[in-house]
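Okay, structure first, notes after.
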Amino acid sequence: MRVLITNDDGIRAPGIQALVEARPEGAEVWVMAPDRERSATGQAITIHKPLRVDEVPMGPGVKAFQLNGTPSDCVKVATALMDARPDIVLSGINRGSNLGTDVMYSGTVSGAIEAAIYDFPAIALSLDDYDAYTPDRYETAAAAGWRLARLLVERPLAAGTVLNVNVPAGRIRGWRATRLGLRRYRDVLHRRFDPRGKAYYWMAGEIEDADSDDESIDTVAVRRGYISVTPITFDLTNYGALETVETWVIDTLAKSPDAAGRAPSGGTDE
């Protein structure tokens, strides 16, 4: 099994070390990770400066590199440098969960999504523990990630599908197949002043999960001690609304194709 590992916490993050140390025997492992933390970068790519690759020692049998770019950049560059396609891409292990609508911002998830765009099976792997600073804290998450990696290679999902996996920090009660919850933040912006009296804003806030007690929702499952496995895709189309929008286009907008709502020259709206 040929595996590409990336993350958004940086090449020296303990989560990536834990994944490498827990690799199964016979796995061919490549690592391409940002040279610094790139959390909350979403699907960003670097187009206004050159990307530079530097090799990083990470033990025998592992080809590891750091890149001055985002997780999406890492996947793009790594797959161009690898001598063969990866069988699977693992993005993580992230320090802290990536649940609900937080996946829209997550650099960890973006690394896996970038892989899926190129039709590689991919897993985004996160540990629900923001105080995990040593590789031993990630051992359970690493074991879960490798177990799912083997399953995903053996039983591929539809093209474009990513498994977003979140592992509780405490005792594991089991596994749950889940859907994304709705996560918002209260008091997101704090207004402060620098020594010269100029205002600035610090992004922060308290999590508000708008969920029920349904363990098929990822936020609930993890909170109750289950490993949450959510299949997601980069296709953001709302198919439930597509038919309604088609009626708008056919019945209303087609009569006035001009963007401002004007009828074609010489015609009427009748």
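A few comments on the model shown:
Residues checked against (1) surrounded by 10 or more Cβ atoms within 10 Å (Cβ to Cβ); (2) under 24 Å from Thr140 (Cα atoms); (3) in contact with a Cys (Cβ under 9 Å, 6 or more places away or on another chain); (4) in contact (Cβ under 8 Å) with a residue 60 or more places away in the chain:
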residue	(1), (2), (3), (4)
Ala169	yes, yes, no, no
Ile172	yes, yes, no, no
His190	yes, no, no, no
Ala199	no, no, no, no
Ala204	yes, no, no, no
Asp209	yes, no, no, yes
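- Residue in the range 233-252 that is surrounded by the fewest Cβ atoms within 10 Å (Cβ to Cβ), counting only those that are out of contact with any helix residue (DSSP H, G or I) (no Cβ under 6 Å at 6 or more places or on another chain) and in a loop (DSSP other than H, G, I, E, B): Leu236
- Residue selected from the range 174-188 under the condition of a type in the set (D, E, K, R) and modelled with pLDDT of 95 or more, by the criterion surrounded by the most Cβ atoms within 10 Å (Cβ to Cβ): Arg176
- Summed over the range 26-45, residues that are at pLDDT 95 or above, over 30 Å from Met203 (Cα atoms) and surrounded by fewer than 22 Cβ atoms within 10 Å (Cβ to Cβ) total 4.
- Glu154 vs. criteria at pLDDT below 95 and either in contact with a Phe, Trp or Tyr (Cβ under 8 Å, 6 or more places away or on another chain) or loosely packed, with under 11 Cβ neighbours inside 10 Å (or both): no
- For Asp269, the criteria (1) in contact with a Ser or Thr (Cβ under 9 Å, 6 or more places away or on another chain); (2) of a type in the set (D, E, K, R); (3) part of a loop (DSSP other than H, G, I, E, B); (4) modelled with pLDDT of 95 or more hold in every case but one, which is (4).
- Whenever a residue of the range 14-25 is at pLDDT 95 or above, its partners that are of a type in the set (Phe, Trp, Tyr) and outside any helix (DSSP H, G or I), lying with C-beta atoms within less than 9 angstrom and at least six residues away or across chains, give the pairs Pro14/Tyr133.
- When residues in the range 1-13 are screened for being surrounded by fewer than 20 Cβ atoms within 10 Å (Cβ to Cβ) and in contact (Cβ under 8 Å) with a residue 12 or more places away in the chain, 3 of them pass.
- Candidates in the range 73-118 are the residues that are without any contact (Cβ under 8 Å) to a residue 60 or more places away in the chain and not in a helix (DSSP H, G or I); of these, the one that is nearest to Pro231 (Cα to Cα) is Tyr118.
- Residue within the range 74-81 that is polar (S, T, N, Q) and under 12 Å from the mean Cα position of the chain (by Cα) present: no
- Qualifying positions in the range 151-203 - over 26 Å from Ala112 (Cα atoms) and in a strand (DSSP E or B): Arg186, Leu189, His190, Arg191, Arg192, Phe193, Ala199, Tyr200, Tyr201, Trp202
- Residues of the range 104-115 that are surrounded by fewer than 24 Cβ atoms within 10 Å (Cβ to Cβ) and not aromatic (Phe, Trp, Tyr): Met104 alone.
The values are calculated or read from the model by the stated rules, or taken from the named source; none is laboratory data. Keep in mind that this is a model prediction, so the values were computed, not measured. Glycine gets a Cβ as well: all are built from the backbone with ideal geometry, and neighbour counts include every protein chain shown.
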